[in-house]
1. Show me you know the interface measure: the accessible area buried between A and B, both chains summed, probe 1.4 Å, in Å² to the nearest 100.
2. Per residue of chain B, what 222 nm ellipticity follows from adding -39500 (n - 2.57) for every DSSP H run with n ≥ 4, rounded to the nearest 500?
3. Under a Cβ-only charge scheme (Lys and Arg +1, Asp and Glu -1), can you give me the dipole magnitude of segment A:151-216 about the Cα centre, in debye to the nearest 20?
4. Which value, in debye to the nearest 20, gives the size of the charge dipole of segment A:113-194 about its Cα centre, when Lys and Arg are +1 and Asp and Glu are -1 at the Cβ?
5. From the label point of B:Glu31, set 7 Å along Cα to the beta carbon, how far off in nm is each other copy's matching point, shortest first?
6. Which whole number gives the average, over all residues in A:41-47, of C-beta atoms from other chains lying within 10 Å of the residue C-beta?
7. Report, as a whole number in µm² per second, the diffusion coefficient that Stokes-Einstein gives for segment A:117-195 at 4 °C and 1.567 mPa s using the Kirkwood radius over alpha carbon pairs.
8. For A:Arg207, go 7 angstrom from Cα along the Cα-to-Cβ vector, then report the distances to that same point in the other copies in nm, smallest first.
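The values are calculated or read from the model by the stated rules, or taken from the named source; none is laboratory data. Being a predicted model, the structure only gives us computed values, none of them experimental. Please note: Cβ atoms are built from the backbone with ideal geometry, for glycine as well, and neighbour counts cover all protein chains shown. Ligands, DNA and RNA are excluded from the accessible area calculation, which covers all protein heavy atoms including side chains. Shrake-Rupley method; radii C 1.70, N 1.55, O 1.52, S 1.80 Å.
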2 protein chains.
Amino acid sequence: MAFPPFAVTVDLVVFTIRDDQLCVLTIERGEAPFAGCQALPGGFVLPDEDLAAAAARELAEETGVGKDAEIERVHLEQLGTYGDPTRDPRMRTVSVAYLAFAAQLSEPVAGTDATAAQWMPVATALTTSLAFDHGQILVDGLERARAKLEYTTLAATFCRDEFTIADLRHVYELVWDVTIDPRNFHRKVLASEGFVEPTGEHTSQARGRPAQLFTLGEATQLHPPIRR
Amino acid sequence: MAFPPFAVTVDLVVFTIRDDQLCVLTIERGEAPFAGCQALPGGFVLPDEDLAAAAARELAEETGVGKDAEIERVHLEQLGTYGDPTRDPRMRTVSVAYLAFAAQLSEPVAGTDATAAQWMPVATALTTSLAFDHGQILVDGLERARAKLEYTTLAATFCRDEFTIADLRHVYELVWDVTIDPRNFHRKVLASEGFVEPTGEHTSQARGRPAQLFTLGEATQLHPPIRR
DNA sequence: GTGACAATCGTCAACTTGACGATAAAGCCA
DNA sequence: TGGCTTTATCGTCAAGTTGACGATTGTCAC
């Protein structure tokens, strides 16, 4: 049975928070097309590899997120598939985009096929011309991320294992690009059954009154949601 | 440049409401593998065809949803991509699933490559063993459909061009499999800015007080949403 | 100690929601 | 014609939620 052959790739929109900014992982392409251009990390799916496995592999390659416990603190979900016949001048390619949320990872970043990889502020990335249709993929990923914060507990994946309500609020503020009343936010988070679990410990360093530390609770969905 | 060749297909989860039931379009496969088995309609993406175009083409082929105004009353969105290496015993296949909502269409249904096509009640389909991973695709499609009714105006795409609030409520009840208080639902729909637009006309046939007719308003998102 | 700062607790009016009573406008039927 | 049934539509009310913002509480820098 004959069928039209396609190349299938995965591309990653990996978000993290660094230096008080929402950042996305980008690489500088080493080869044509778009050599020297910024792009989302990604690569071909191997002949016997599941799509999600390919995404996880690429993520590990580009970020150094290894086997460790690190990988468990990363959220990875399918974002969408992009298959415009003209998206890659070389051949007919279909790209399955994945969206990842990560807490600040070990600094190292070095791709295999990429010249360099870096965390680029999303605000910058949105005004940068990215390779292929990666600009659109980024926009879609950002919108998905914003929506997910409303009704899931995924904001916590941007934080370290133990975090304060303020840390969590900061995630919302950066991703949504809004300011949130600390008092109302505090109330809502605690009201959301299973969102956070107090550890009993408190922060000690920074200015102001020490804050209680929490870990992520059992819930994955927020009831009620936290609206934009 | 060498790359692993994949077959790329689109599969469709097409929902409609018939005989007071939520139904999904299925075909009986004519060829191996899974010959004689129920499956979702779908097919290969052509070499120079966009994914969404392939989905629209397959939809037209299977349902007879032609060029007419009909096609404009159908909602089609990408659902997700399924690429387990073992999903198709013949070859490495990646399937991009699309989700469609349609009002009751012209009865005719006749695929090109399929033996037969029919509207199967979703309740039945969920307990039927479908070909490939189509069972999972259906489950995912149903969940997406249910979620979409909450915060979009897509329920109206299950209705004819002009519909009553009760028609709309019926869609929610069938898709969510719940009963909804007519009075509160009525209030919420009218409160949702831009959801429906009165035509000024009324129904005349059925029992009970004639109901006002509406068309879909400008909005695509519901503010506030209608919760499950 | 004093002030700055951020966490946390309270208060309140405006709004939303679910439950359900009441009324309206048709057809049906004797 | 006058009930009776049926469904649409309007109202009411208590309970819960939300946003705005005042008040209090630990800590640190000085």
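1. Details: alone 11920 and 11950 Å², together 21520 Å².
The summed interface area works out to 2300 Å².
2. Working: 5 runs with 58 residues, N = 228.
Using -39500 (n - 2.57) per qualifying helix, the result is -8000 deg cm²/dmol.
3. Values: 7 positive and 9 negative charges, 56 e Å.
Approximately 260 debye in magnitude.
4. Details: 8 positive and 12 negative charges, 60 e Å.
Magnitude of the dipole: close to 280 debye.
5. Computed spacing set for this position: 3.3 nm.
6. Details: counts 0, 0, 0, 5, 7, 3, 6.
Mean partner shielding for this stretch: 3.
7. On the way: Rh = 14.1 Å.
Result for D is 92 µm²/s.
8. Sorted ascending, the copy-to-copy spacings read 7.2 nm.
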